[in-house]
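Contents: one structure, followed by commentary.
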Amino acid sequence: MDQAESLRMKTALEQQKTLARVITVTSGKGGVGKSNTAINLAIQFRKMGKRVIILDADFGLANIEIMFGAVPKHNLCDLIYQGKNIRDIITWGPGEVGFISGGSGIAGMSNLSVDYLNYIIRNLSELDSIADIIIVDTGAGISDAVLEFLVASGEIIVMTTPEPTSITDSYSLLKALSRHPRFNQTNTQIKMIANRVEKESDGELLFRKLYAVVQRFLRLPMSYLGSVPQDMQLSRAVMQQVPVSIASPGAKSSQAYERIAARLLDKESELKGTNRGMAAFFSHIMGKK
């Protein structure tokens, strides 16, 4: 039995369990509010009664822990290479949102033995019993590591701002994704959030611009989740290392995140075929199914 077949069998067994909803948040460039969105959506999901864990897959940076004001004792590398279990590497932040620091070990997973990969898959699949929703915060841009996470995801949120370079970079990211040999368009939902807009109509216009070019050249289905406005209260919350959804629940940005989170939960019934759980997510990355 080869490595890929072994991982597929393992994934099939794990999928008999209740699966967490995996939402991957990404962007074509840095500095567009991707990590802030991941955190605040997590807080809003918690307020709605969901158990949430964020996987910080932005290697080399520590945006999630900085914004949470919490320093993790362990990261994903400790599970892979130091024998820690999945509960050991979860750090609990504000609002009882858990997060896992990715470290830099995922890139080397494909070189591990089948038995050890199965051990890691078993540990990661436990997240499906710990969390209802797992938010993966990728790095920005079009690196191989980012694309690996995206092709493994059934549900992708692309963050875009009104800056022309942000729109261009979002298109470039989706173009690279569409050309990836393992991208499955049928089982992937792509959604967009417009960030730092002056008014809601600006966000809708931004989506229409990106949607038009994506449809013309890539023919990828894509939907619009809503927008997050420019908000000084959000900026102050970042400086205080407290999510704005906790620091200022009545802020315009907090209310926008609440609406978007509610919209995502309303769409859960449409996730047939895309809700893969963490075992399938990482099997796809490591086994390259």
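Read-outs throughout are calculated quantities, based only on the coordinates presented, and are distinct from any laboratory measurement. Note that the coordinates shown come from a computational prediction; the quantities given were computed from them, not determined experimentally. Heads up, the Cβs are rebuilt from the backbone with ideal geometry, glycines too, and the neighbour counts pull from every protein chain shown.
Observations
- Low-density loop positions, GluC sites (Glu not before Pro), the stretch 181-242 - DSSP coil, at most 15 other Cβ in 10 Å: Glu198
- Comparing Met222, Ala20, Gly95 along the charge dipole axis of the chain, the residue lying farthest to the positive side is Met222, per the Cβ-charge model.
- Springs join every pair of Cα atoms under 10 Å in this Gaussian network model of the chain, and among Gly28, Gly69, Gly203 the largest mean-square fluctuation is at Gly69.
- With respect to the chain, whose longest principal axis is taken over its alpha-carbon atoms, helix 164-178 is tilted by about 30°.
- Mean ellipticity per residue at 222 nm, deg cm²/dmol - from DSSP H runs of n ≥ 4 across the chain, formula -39500 (n - 2.57): -13500 deg cm²/dmol
- Sequence-distant residues sharing a close amide H with Ser223 (under 5 Å, placed H): Ile190, Lys191, Met192
- Distance between the pseudo-spin-label points of Lys199 and Gln230 (7 Å out from Cα toward the beta carbon): 1.4 nm.
- Taking Cα atoms only, the orientation of helix 200-217 departs from the longest principal axis of the chain by about 50 degrees.
- Crossing angle, helix 3-14 versus the chain [Cα axis fit, 0-90 degrees, rounded to tens]: 70
- Modelled spin labels at Thr168 and Arg216, positioned 7 Å past Cα toward Cβ, are 1.6 nm from each other.
- Straight-line cross-link partners of Lys252 among the aspartates and glutamates, defined as a Cα under 20 Å from its Cα and at least 8 positions apart when in the same chain: Glu198, Glu200, Asp202, Glu204, Asp231.
- Long-range amide H partners of Asn195 with built H, under 5 Å: Thr160, Thr161, Val228
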